[in-house]
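Each remark here refers to the structure printed beneath this line.
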Amino acid sequence: MSSTINLNLPLSAYEIAISPSGLDKLGDYMNALQLGQKVLLVSNSTVFEHYGERALSSLNAAGFDVCRCILPDGEQHKNLDSIQKIYDTALENRIERSSTMVALGGGVIGDMTGFAAATWLRGIKFVQVPTSLLAMVDASIGGKTGVNHPQGKNLIGAFHQPRLVLIDPEVLKTLPERELRAGMAEVIKYGVIWDADLFAEMEKCKNLDQMQYLMAPFSDQESLVDYILTRSCQAKADVVSKDEKEAGLRATLNYGHTIAHAVESLTGYSVVNHGEAVAIGMVAAGEIAAKLGMWQVEEVQRQNALIEKAGLPIKLPAGLDIAEIIESLQLDKKVKAGKVRFILPTQIGAVTISDQVPSEVIREVLQNM
Ligand code: NAD
Ligand code: GLY
């Protein structure tokens, strides 16, 4: 089932189009936006092998003049060296102010392409074609772009909104199940911070970690994945439209991310993926909220049960030093005047922001994980 969510911001407005076989219509979607003739397609070797030719054919058929930059796959390549490769390709192919970059891939490719587009010639247009569940429900929407610093996740970046987010749910058929589960972590996040109905619907589902189950009918008109995509993209669009540059509300989208980012960077971005780290971070934040008397223990248990049902971890990876995690929290982008800010649930569907979490509480919670 096709659907469209509109994201209206003061200086830009764009569609999040959820469109089965939409990849084959990429060129038509871009023509409708009257984008310039030259396109730089950025992807990684894995995704390009699956979907590159289809994206290229659609763009060529619609009259675009396309060059490409295919980067190595993996979070460890989300760095300035990869951005340099995109700039080199842009230079060689004379990518101009009127040109467009297209991100075909998961969140890593989306964030890097967006950052390259934000900075090349002081900013050119870009389009997101997310291919992982995580990128479809979260990373491709809202204009946060950037790369990692060796000592901290996403420390280098810019806000730069795409002209279009085109989601083709059918490409999820080739997504490894571990990556599907990673995307479910962000979907569960929306349930906890914003959409109690989405949370309750997921609690009723049996096999949240299996693609076959996600593709099965959910109602007369849609599959479970259609439902999950629509509700999650709507949640993200609602939050971003109210607070584009994270003056307040948008920080709630970082639920679970404070500890997640520390876990990811301390394990060299290679032991747990982003979604798994977010799952661990949500468990920690939930336990902190319960210890501070802000969230009922039964609701924390419902959250943790849903995370486990989605096949996600609820324990810290072995060998991590708790003191190092706590030290690394200081590098979080949400730190203000040296105080770490946590997003803490107060009930399913609602969260609050607190910079009053004592280090002893964080330590105790992490020691129990
Ligand atoms: P990813 O981009 O590394 O993709 C995960 C894996 O799936 C990769 O190996 C990729 O090649 C593969 N893949 C993607 N689509 C596929 C498909 N259809 N078929 C087969 N394989 C496919 O990781 P991710 O989970 O998509 O994104 C994580 C990144 O997103 C992190 O860097 C995170 O910081 C960022 N992020 C950004 C935002 C934001 O608002 N900008 C929000 C959340 C996450
Ligand atoms: N994923 C966090 C945000 O977009 O703000």
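Things to note:
- Angle between the chain longest axis and helix 80-92 axis [Cα atoms, degrees, rounded to 10]: 10
- Cα gyration tensor category, rounded, prolate or oblate, for region 306-369 with a/c compared to 1.5: oblate
- For region 26-97 versus region 290-369, the inter-centroid distance based on Cα atoms is 38 Å.
- Computed P(r) (all Cα pairs; the chain; 20 Å bins; percent): 31, 58, 10, 0
- Computed Kirkwood radius, in angstrom, where 1/r is averaged over Cα pairs of region 194-303: 15.9
- When peptides 212-220, 361-369, 247-255 are sorted by average Cβ neighbour count within 10 Å, with the highest value leading, the order is 247-255, 361-369, 212-220.
- Tilt relative to the chain, helix 107-119 - C-alpha long axis, 0 to 90 degrees, to 10: 60
- By the compact-protein rule of thumb, 2.2 N^0.38 Å, the alpha-carbon radius of gyration of region 183-246 corresponds to a ratio of 1.15.
- Fewest-first sequence of His50, His160, His77, His261 by Cβ atoms within 10 Å of each Cβ: His50, His77, His160, His261
- Local electrostatic count, His77, Cβ distance below 12 Å [Lys/Arg +1, Asp/Glu -1]: -2
- Electrostatic bookkeeping for Ala262 treats Lys and Arg as +1 and Asp and Glu as -1; over the other residues with beta carbon under 10 Å from its beta carbon, the sum is -3.
- For the chain, the longest principal axis of the alpha carbon atoms and the long axis of helix 297-309 meet at an angle near 40°.
- A cut-off under 13 angstrom between Cβ atoms defines the neighbours of Leu121, and their net charge, with Lys, Arg +1 and Asp, Glu -1, is +4.
- Three-way shape call for region 236-369 based on the alpha-carbon gyration tensor, with the a/c threshold at 1.5: rounded
- DSSP finds beta bridges in region 97-218, and of those with both partners inside it, around 40 percent are antiparallel.
Bear in mind that the values in this text are calculations on the coordinates, not laboratory data. Remember, it's a predicted structure, so these values are computed and weren't measured experimentally. Here Cβ is always computed from backbone atoms with ideal geometry, including for glycine, and neighbour counts include all displayed protein chains.
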